[in-house]
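Everything below concerns the one structure shown next.
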Amino acid sequence: YLPLSKEKKIICNIRARKEPLFVHAPSRSGIKGSNFIIEAIDKLKNTGYQFTFEVIQNLTNSELLKKLSEADILVDEVLLHGPGVLSSEAMLAGCAVATRTLEDHKDIFNPPVTSINPKNIHSQLKYLLDNFNYRIELAEKGREFAKLHNNPANIASEMIQNLTRDTCDYT
């Protein structure tokens, strides 16, 4: 869990648009798998799905946080394990998040995100478009998850507790 001290600066705005705004904000396109994301987005557009897609780059963090508050869905990364800082900020902003998670370790870390990888990204983004209620529920659960698990005081408390245990969870 990554500590985020910016929670008070992030405005939560869970959007409920029928035609959502997808955002992708790669700091480094190659490592985020942007080519897979853009290919899946293009395929969805070409099959008639209605939505807006923006690639966000070269913004200050405060500008990025504002953009996340305006978005419905963050498509973060398909190659590395998440959610990382960007996904956590998006959850606090009220976005449904699509990012890669480690399927084999759901018993240790199971954030409320749509898990994507190069093989399933098209079907998972399609599912987010087709299932409006799921998308809203994911945004709501994501916000609560990030408030709890990305709170620096909660993280520090858990680490201190783990120091006194014989065994501890993944931290």
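Values for this structure:
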| quantity | calculated |
| --- | --- |
| Qualifying residues in segment 73-113 (those that are buried (at least 23 other Cβ atoms within 10 Å of the Cβ) and of a type in the set (V, I, T)) - the one farthest from I41 (Cα to Cα) | V113 |
| Long-range neighbours under 6 Å by Cβ, at least six apart or interchain, first residue more than 16 Å from C95 (Cβ to Cβ) within segment 53-70, second charged (D, E, K, R) | none |
| Flag if E70 is open to solvent by 50 Å² or more (accessible area, probe 1.4 Å), more than 19 Å from I31 (Cα to Cα) and at pLDDT 95 or above | yes |
| Within segment 8-52, tally of residues that are in a strand (DSSP E or B) and over 15 Å from the mean Cα position of the chain (by Cα) | 1 |
| Cβ pairs under 9 Å, 6+ apart, first in segment 29-50 and at positive phi, second hydrophobic (A, V, I, L, M, F, W, C) | G33/V78; G33/L79; G33/L80; G33/I116; G33/I121 |
| Residues satisfying the stated conditions in segment 77-96, i.e. of a type in the set (A, V, I, L, M) and within 18 Å of S34 (Cβ to Cβ) | V78, L79, L80, V85, L86, A90 |
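Each row is one residue, and each column tells you yes or no for (1) over 19 Å from A139 (Cβ atoms); (2) out of contact with any Pro (no Cβ under 7 Å at 6 or more places or on another chain).
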residue	(1), (2)
G33	yes, no
F36	yes, no
E54	no, yes
L59	yes, yes
S62	yes, yes
I73	no, no
S88	no, yes
A93	no, yes
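The values are calculated or read from the model by the stated rules, or taken from the named source; none is laboratory data. A quick note: this is a predicted structure, and the numbers were derived from the prediction, not measured. Here the Cβ is made from the backbone with ideal geometry for all residues, glycine too, and neighbour counts use every protein chain on show. What goes into the accessible areas is simple: the full protein's heavy atoms, side chains included, and nothing from ligands, DNA or RNA. Shrake-Rupley method; radii C 1.70, N 1.55, O 1.52, S 1.80 Å.
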